[in-house]
Amino acid sequence: MSAPQHIAQAASHITPLRETWRLLMQAARSRAPQLRASLIGLCVAAAVQGLALACLMPLFQALIPNPEWSAAFPWLLTMMGLMLATAVIRWWAQGFDYRGDMVRNTHELRSELGEQLRRIPLEMLQDKRAGGVNATLLGNVDETLSYTLTVANMMATALVTPIAVALAALWFDWRLGLLLLLVFPLLIPLYRWRRPAYGRGMRMLVEANERASADILEYTQGLPVLRAACCVGERAERLQASVKHLEVIQTIGEKKGAKPNLILATVMELAILSVVFVGTLFVVQGTLDVAILAALLVIVVRFGEPLATFVLYAKIIDLIESALGKINAMLRIKPLQQQVPIQTPQSYEVRFEDVGFSYARAGEATLSELNAQLPVHSLTALVGPSGSGKTTVTRLLMRHADPQTGRITIGGVDVRAIAPEQLNALISVVFQDVYLFDDTILANIRMARPDASNEEVERAARAAHCHDFISRLPAGYATRVGDIGGRLSGGERQRISIARAILKNAPIVILDEPTAALDTESEVAVQAAIDALVRDRTVIVIAHRLSTIAAADQILVIDGGRMVESGQHAELLASNGRYACMWQAQQSAKNWHAGMARCPDEEAFVS
Ligand code: ADP
C-alpha cells in the first residue's frame, strides 16, 4: 500500500481506545514499560484520591451532630495518609515527563522517522509535500507524547476518582453507592455518540493544519520564483484559501462541538444532582445519615465538573490518535528490498534489460521494455518529449524505485544487489535546480565527500570553474550561502553543484538538463565545468537542446516510455525519423525559440 493510501486510511476510520493504547505503546518504543507504569500509576493515584475523598463520609459521621475528636481523628489521619499517597504516586508517575523520558522518547521517535526518511524509496517521498513531512516529524511527534500524561491524568481524575468514591459509598449506604455507580454507564453511550464526530473533526483539523503548513513553506521557499513569474498574488490567494479552509474547519468544529458538549455536561450534572436529590429523600425518610449526605455533597462538588467535561477529553485523544496514525503511516513504508548476497560492481557499464515500470499512483506503464547498453566512458543522451520517461530512467538507475519487470545492472551486477551506500557512491547527479544548504560554500562542496581536505575541495572547485568567483566572495570558501543568498547566479550555483560532483569522483554521472535554465554566457562556463566532470566516466545526460548532445556516443529517443530510436547524431539524422524531425524543428526555430519548437506531427516534442 502506498504512503498516501496509508494516510487516507488512517484519516477515514475511528480506532477503538484499545488500538490507541497499542499505538501509543508502539510509539513509546523502548520506554513503553515506563509509560505503561506511569499511566497505571496515574490511575492508581486517582483511585487512592477517591478513597481519600470517601473518608469524608465517616469523618462527617464523627462530627455531625456531635463532634468527637477521638472518632474523627483516625479518619482524619487516614484521609491525610491517602492524600499523601496520592501525591507521591502522582509525582512518581509524572516522572516520565520530568525525568526526561518523554523528551528522550520524542527524540528517539524523531530519529527513527529521520532514519526512515533516509531509507524509504525516494519515489514515495515525492508524493509528500515538504510541509507534510515536517508536520509529521515535528508536530505529530510532539502531539503524541507530550500531551499523553497530562490527558491521562485529567481522564483518570475525571473517571477513576468518582468510581472509587462510588465503590466506597457502597460500604456506607449501598443504595447511594449503587446510584452513583449507575451514573457512569451513562457516560458510555454519550461518549460513543460524540467520539466519531470528534474523531472526524480532529482529523480534518490535522489535515487542514498540515495543508496550511505545507502551503506556507512552499510559499516562502518559492517566493523568488513566484516574484519572477509575477504570480505572487495568485499563490498568496492559494495560501489564503488554505488558511481560510483551516478557519472553516475550526468554525465547523466549534459549532458542531459546542452544543453536544453542553448537552453532555448538563446530562452528567443532572445525573449527579438526582443522586443528591434521592439522598435528600432518604435523609427526610430517616433511612440515611445526614452526615453521609453532607459528605457526598462536598465530594460531588469536587468531581462533578471533571466528570461532566470528561467527553471533551475525547478531542485530545483523537488528536493524539491522529498523530499516531501519521507517524505509523510513515514508519510502515517499506524500504526497497536488498538482494543478497551483496555484490560490488567491478566495472561501470550500465545496462537496462527489458525494464518496465509504473508509478504506484499512475495507471499505465511509465516505461516499457526498455533495453539499453551504456558502455564505460561513454556519453548517452536521453531525448524525447516532456513526460516521456527520461527522468524516470535516471531515477530507476539511482534506485528511487525498482522496476516491476526486467533489471538494471552496473558492471553486470543488479542494482538491487548493490549496497545502498555504495550505489550512492557510484553515481553523481547534477540537476537543473541546484539545492545549496545554508552552510559555507566549503561545506556545500565537501558534502559530496566529507573526508576531503580543503585542498581537494579547492581543486574540485577549480576544475568546475568556480574557484575565481568563490575567491571574490566576502569570506571566500567560508562564506555562508545564506548570507549571500541571491548573490550567486544560476550558473555559479550550478558550477558549485558540479564541483560537488567532481569531488565525489563517482564513475557514473547523471546530468539532468543542467544548462537548460541558463543564459548563454553562464552556459559556456557551466559547459566547461561539465566537460571536466564527465571525462572518463559513464555519463547519461537528459538533453533539452539537441545541439548540446550532437557529439554524444549514443542518443536514445524515448517516447511514451518506449525507446523509439537509438544511434549517433549522424545516423539518426540519416534515418530521417523522430530525432531528425526534432533536430530540424530546433534548427529552424533557433536557440532563442527552441522551447516553442514543434515537430509537424508531434505535440511538444521538446522538454
Ligand atoms: P520526462 O523526464 O521525460 O519529462 P518523467 O520521467 O519525469 O518524464 O515522467 C514520465 C511520466 O511519469 C509522466 O507522465 C509523469 O507525469 C509521470 N510521473 C513522474 N513522476 C511521477 C510520480 N512520482 N508519480 C506518478 N507519476 C509520475
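Exactly one condition in (1) touching a residue at least 24 places away in the same chain (Cβ under 8 Å); (2) more than 16 Å from the ligand (Cβ to nearest atom); (3) within 17 Å of P121 (Cα to Cα) is false for D354; which is it?
The failed condition is (3).
Would you check if there is a residue in the stretch 458-471 being more than 18 Å from L533 (Cα to Cα) and in a loop (DSSP other than H, G, I, E, B)?
no
Among what's in the stretch 362-379 and is under 35 Å from the mean Cα position of the chain (by Cα) and polar (S, T, N, Q), pick the residue that is farthest from the ligand (Cβ to nearest atom).
Across the stretch 362-379, the extreme among qualifying residues is S368.
Within the stretch 280-290, is even one residue surrounded by 22 or more Cβ atoms within 10 Å (Cβ to Cβ), touching a residue at least 12 places away in the same chain (Cβ under 8 Å) and assigned to a helix (DSSP H, G or I)?
no
Which ones in the stretch 356-366 are touching a Pro at 6+ places or on another chain (Cβ under 7 Å) and of a type outside the set (F, W, Y)?
G356
Being surrounded by fewer than 18 Cβ atoms within 10 Å (Cβ to Cβ) and modelled with pLDDT of 75 or more is the filter here; which residues of the stretch 178-208 pass it?
The answer is L178, L181, L182.
Report, ordered by the first and then the second residue, all pairs with beta carbons closer than 6 Å, sequence separation of six or more or different chains, a first member in the stretch 328-349 that is closer than 9 Å to A417 by Cβ, and a second member that is of a type outside the set (D, E, K, R) and surrounded by fewer than 16 Cβ atoms within 10 Å (Cβ to Cβ).
Final answer for the pair search is I342/A419.
Restrict the check to the stretch 363-371 and report whether at least one residue is closer than 26 Å to K334 by Cα, small (G, A, S) and without any contact (Cβ under 8 Å) to a residue 40 or more places away in the chain.
Yes, some residue in the stretch 363-371 is closer than 26 Å to K334 by Cα, small (G, A, S) and without any contact (Cβ under 8 Å) to a residue 40 or more places away in the chain.
Among the residues of the stretch 427-436, is there at least one that is within 16 Å of the ligand (Cβ to nearest atom), over 27 Å from S547 (Cβ atoms), assigned to a loop (DSSP other than H, G, I, E, B) and not assigned by TED's automatic domain parsing to the domain that holds R110?
Among the residues of the stretch 427-436, not one is within 16 Å of the ligand (Cβ to nearest atom), over 27 Å from S547 (Cβ atoms), assigned to a loop (DSSP other than H, G, I, E, B) and not assigned by TED's automatic domain parsing to the domain that holds R110, which makes the answer no.
Yes/no per residue for (1) at pLDDT below 85; (2) surrounded by 13 or more Cβ atoms within 10 Å (Cβ to Cβ); (3) touching a strand residue (DSSP E or B) at 6+ places or on another chain (Cβ under 6 Å):
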| site | (1), (2), (3) |
| --- | --- |
| S2 | yes, yes, no |
| I7 | yes, yes, no |
| A10 | yes, yes, no |
| I14 | yes, yes, no |
| T20 | yes, yes, no |
| M25 | no, yes, no |
| S30 | no, no, no |
| A37 | no, yes, no |
| C43 | no, yes, no |
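Criterion first (farther than 18 Å from D512 by Cα and within 14 Å of the ligand (Cβ to nearest atom)) does S386 satisfy it?
So S386 does not fit the description; no.
Check the stretch 472-495 and report whether any residue there is in a helix (DSSP H, G or I), crowded, with 21+ Cβ neighbours inside 10 Å and in contact with an Asp or Glu (Cβ under 8 Å, 6 or more places away or on another chain).
yes
Here is a yes/no grid of residues against (1) farther than 30 Å from V383 by Cβ; (2) part of a loop (DSSP other than H, G, I, E, B); (3) of a type in the set (K, R):
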| residue | (1), (2), (3) |
| --- | --- |
| E456 | yes, no, no |
| A501 | no, no, no |
| P514 | no, yes, no |
| A528 | no, no, no |
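Checking T391 against (1) in a loop (DSSP other than H, G, I, E, B); (2) within 15 Å of the ligand (Cβ to nearest atom); (3) modelled with pLDDT of 85 or more, only one condition comes out false. Which one?
It is condition (1) that T391 fails.
Examine the stretch 592-599 for a residue that is closer than 23 Å to L426 by Cα, modelled with pLDDT under 80 and away from the ligand (no atom under 16 Å from the Cβ), and state whether such a residue exists.
Scanning the stretch 592-599, I find no residue that is closer than 23 Å to L426 by Cα, modelled with pLDDT under 80 and away from the ligand (no atom under 16 Å from the Cβ), so the answer is no.
Kindly evaluate K334 against the criterion of being farther than 30 Å from L179 by Cβ, charged (D, E, K, R) and more than 16 Å from the ligand (Cβ to nearest atom).
Against the criterion (farther than 30 Å from L179 by Cβ, charged (D, E, K, R) and more than 16 Å from the ligand (Cβ to nearest atom)), K334 qualifies.
Counting only residues that are in a strand (DSSP E or B) and either surrounded by fewer than 18 Cβ atoms within 10 Å (Cβ to Cβ) or out of contact with any Asp or Glu (no Cβ under 6 Å at 6 or more places or on another chain) (or both), how many does the stretch 330-387 have?
So the answer is 20.
The values are calculated or read from the model by the stated rules, or taken from the named source; none is laboratory data. Since we're looking at a predicted model, the values are computed, not measured. With ideal geometry, Cβ positions are generated from the backbone for all residues, glycine too; neighbour counts draw on all protein chains shown.
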